[in-house]
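Scroll down for the structure; my scribbles are underneath it.
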Amino acid sequence: MSAKRTSKNVLLDTALKNFYSAAEEMRLDDSLVEVLSHSEKRLEVSIPVEMDDGTVKAFRGYRVQHSSAIGPSKGGIRFHPDVDVDECEALAMLMTWKCSLAGIPYGGGKGGISCDPQSMSTKERERMCRGFAARISPIIGTWRDVPAPDVNTGGQEMVWFMDTVSKLHGQVEPAVFTGKPISYWGSQGRTAATGYGAATCGLELLKVLGKDPKDVRVAVEGFGNVGSYAALKMAEAGAKVVAISNRSGVYYAPNGLDIKKAFDEAEANPRERLKGFTCEGCKKVDDILSVDCDLFFPCALEGVVNDKTADRIKAKWIVEGANGPVTPEGDAILNKKGILVVPDFLANSGGVIGSYFEWAQDLGGYFWTEEEYNNRLMHIMKGNFKLVWEYAQSKKINMRRAAFMAAIQRVADAVKLRGLFL
Ligand code: GLU
């Protein structure tokens, strides 16, 4: 085997380390290790945008396709000042494993623009989105690479992207992007899919552990699209959600928060989510990680549970709603403390499974009811949880390792069948 790749980017280095160590345990062929430790394409583009004050700013944008062995690459586009091509590559790799494990016909991709969307006007964001879609259009497509929302992007951005590609092609191209609004080729159920999927993993975990949700205290970090729906579903199942957090602070109530109220407040005020939230017995504390709880859902950005913070965790179980919230160093500490982790690419796969449903509906031009959508989603999530849980038990390994091994095997089988020139 040629030298192992490493990266100065923490996220990419973590993705590579996780891959190499799972590959070693599986005794994966050297040739397959070589193929899968590199991305098929890393595209960097410049997007000149006319700002409202008449000046022109060139934004850097990226799209990375890690693998198309199983099918078109699939993965979100994020807007954040820290986005770079290595981060996109790490997340693209994670998408390959996520789609493979989920059993859906996609490879992995990810993209983004280095920008601060909160400081831009709607018109500036629209011009930037349209410029980006035009720049990456030669490498994306229904059967090539299908982007979706990610951090700081949502339905509106997907419509600007899709509309630009449709205009370039001279025809409606609904299935090139997923995560679109229901009113324009999106599907009912997609918005809640990631959070509901993560909560389903939490509830399946409690089931195999023989715990009643009513006896379980839950904390949720991040109250955006993933965290808010995860908290809502856990509360609906009877669990006591004792803490939630977002940029505005950590809200804690030992007897349980009124999650429906928090959810409605966040929805009503999407830019300031939770800022004015108050409820009976609720107080603000400094740190969500050290909150006394049983089940913790990190649902915000990556790397929050690391070598410096993992020791503070009091929960017995963690369900990773975000991508990469636990670093390998953090993972080692959690393992030592006996904390069980349901890994991100299983726990948050509800989003991309939902994207697959949307893509299938767009291709067929036929839309399902929300009930059909949710039933199919829960069925797949429960099946995938069971697969990873049983594999981990039979091999006496943790769930992250089990999930990696199952996911890598399916991609490796596709590469073996198809050959090197994918
Ligand atoms: N951004 C989401 C993820 O990381 C969704 C990706 C998709 O639907 O393609 O899983």
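Quick notes
- Whole-Å distance, taken between Cα centres, linking the stretch 365-422 and the stretch 330-349: 17 Å
- Taking every alpha-carbon pair within the chain, the share separated by more than 43 Å comes to 8 percent.
- Fully extended contour minus Cα-Cα distance, from Val208 to Ser121, at 0.36 nm per residue: 26.5 nm
- Ranked packing of 132-143, 27-38, most packed first, by mean Cβ within 10 Å: 132-143, 27-38
- Sequence-distant contacts, meaning Cα pairs under 8 Å at least 6 residues apart, place the relative contact order of the stretch 98-181 at 27 percent.
- Candidates Val226, Val85, Val285: whichever shows maximal mean-square fluctuation once the chain is modelled as a Gaussian network with Cα springs under 10 Å: Val285
- About its Cα centre, the stretch 277-422 has a charge dipole of approximately 740 debye under the convention of +1 per Lys or Arg Cβ and -1 per Asp or Glu Cβ, with nothing else charged.
- Carbon + sulfur, % of accessible area of the stretch 245-347 - ligands and nucleic acids excluded, 1.4 Å: 49 percent
- When the Cα positions of Val305, Thr153, Met26 are compared along the charge dipole of the chain, Met26 comes out farthest toward the positive end, with charges on each C-beta of Lys, Arg, Asp and Glu.
- Cα-centred dipole magnitude for the stretch 230-360, charges only on beta-carbon of K, R (+1) and D, E (-1), debye, nearest 20: 300 debye
- Relative contact order (%) - criterion: Cα under 8 Å, at least six apart; region: the chain: 15 percent
- In Å², nearest 10: area of Leu205 left accessible to a 1.4 Å probe: 0 Å²
- Relative contact order (percent, whole number), the stretch 150-220, Cα cutoff 8 Å, 6+ residue spacing: 20 percent
- For the chain, modelled as a GNM whose springs connect Cα atoms under 10 angstrom apart, the maximal fluctuation among Cys299, Cys279, Cys129 occurs at Cys279.
- Net charge contributed by nearby residues that have their C-beta within less than 12 Å of Pro213 (K/R +1, D/E -1): +1
- Annotation for the stretch 176-219 versus the stretch 118-147: alpha-carbon center distance of 27 Å.
- Under 11 Å, Cβ to Cβ, from Phe59 - net charge with Lys/Arg +1 and Asp/Glu -1: +3
- Built from the Cα atoms of the stretch 182-300, the convex hull projects on average onto 7.5 nm², one quarter of its surface area.
- The lysine pair count for the stretch 307-389, using Cα distances under 14 Å and pairs eight or more places apart or on different chains, is 4.
- Taken about its Cα centre, the stretch 1-57 carries a charge dipole of roughly 220 debye when the Cβ of each Lys and Arg holds +1 and the Cβ of each Asp and Glu holds -1.
- Take the Cβ atoms of Glu280 and Arg312, set R0 to 25 Å, and the FRET efficiency comes out at 0.40.
- Other residues lying with their Cβ under 9 Å from the Cβ of Gly324 contribute a combined charge of -3, Lys and Arg counting +1, Asp and Glu -1.
- With 0.36 nm allotted per residue and the present C-alpha distance subtracted, the His169-Glu372 stretch has 69.9 nm of extension available.
- Unmatched cysteines, the chain - criterion: no other Cβ of a Cys under 4.7 angstrom: Cys88, Cys99, Cys115, Cys129, Cys201, Cys293, Cys299
- Choice from Asp13, Asp145, Asp82 with maximal GNM fluctuation in the chain (Cα, 10 Å cutoff): Asp82
- Per residue accessible area in Å² of the stretch 263-422, where ligands, DNA and RNA are left out and the probe is 1.4 Å: 48 Å²
- Relative frequency of Cα-Cα separations exceeding 15 Å in the stretch 229-282, percent: 41 percent
- Lys/Arg +1, Asp/Glu -1 at C-beta; the chain dipole; positive extreme among Val49, Gly249, Val208: Val208
- The stretch 282-422: radius of gyration over Cα atoms, expressed as a fraction of 2.2 N^0.38 Å: 1.25
- FRET efficiency, Leu363 to Asp52 (Cβ-Cβ, R0 41 Å, nearest 0.05): 0.60
- Over 20 Å [Cα-Cα, the stretch 80-182], rounded percent: 39 percent
- Prolate/oblate/rounded call for the stretch 227-365, Cα gyration tensor, a/c under 1.5 rounded: oblate
- Computed over the stretch 1-93, Kirkwood Rh from alpha-carbon pairs, angstrom: 15.0 Å
- Using the Cβ-Cβ distance between Arg27 and Lys396 with R0 = 30 Å, the FRET efficiency computed as 1/(1 + (r/R0)^6) comes to roughly 0.95.
The values are calculated or read from the model by the stated rules, or taken from the named source; none is laboratory data. Everything quoted here is computed from the prediction, not taken from an experiment. We place every Cβ from the backbone using ideal geometry, glycine too, and count neighbours over all the protein chains shown. Note: areas computed on protein heavy atoms with side chains; ligands, DNA, RNA excluded. Shrake-Rupley method; radii C 1.70, N 1.55, O 1.52, S 1.80 Å.
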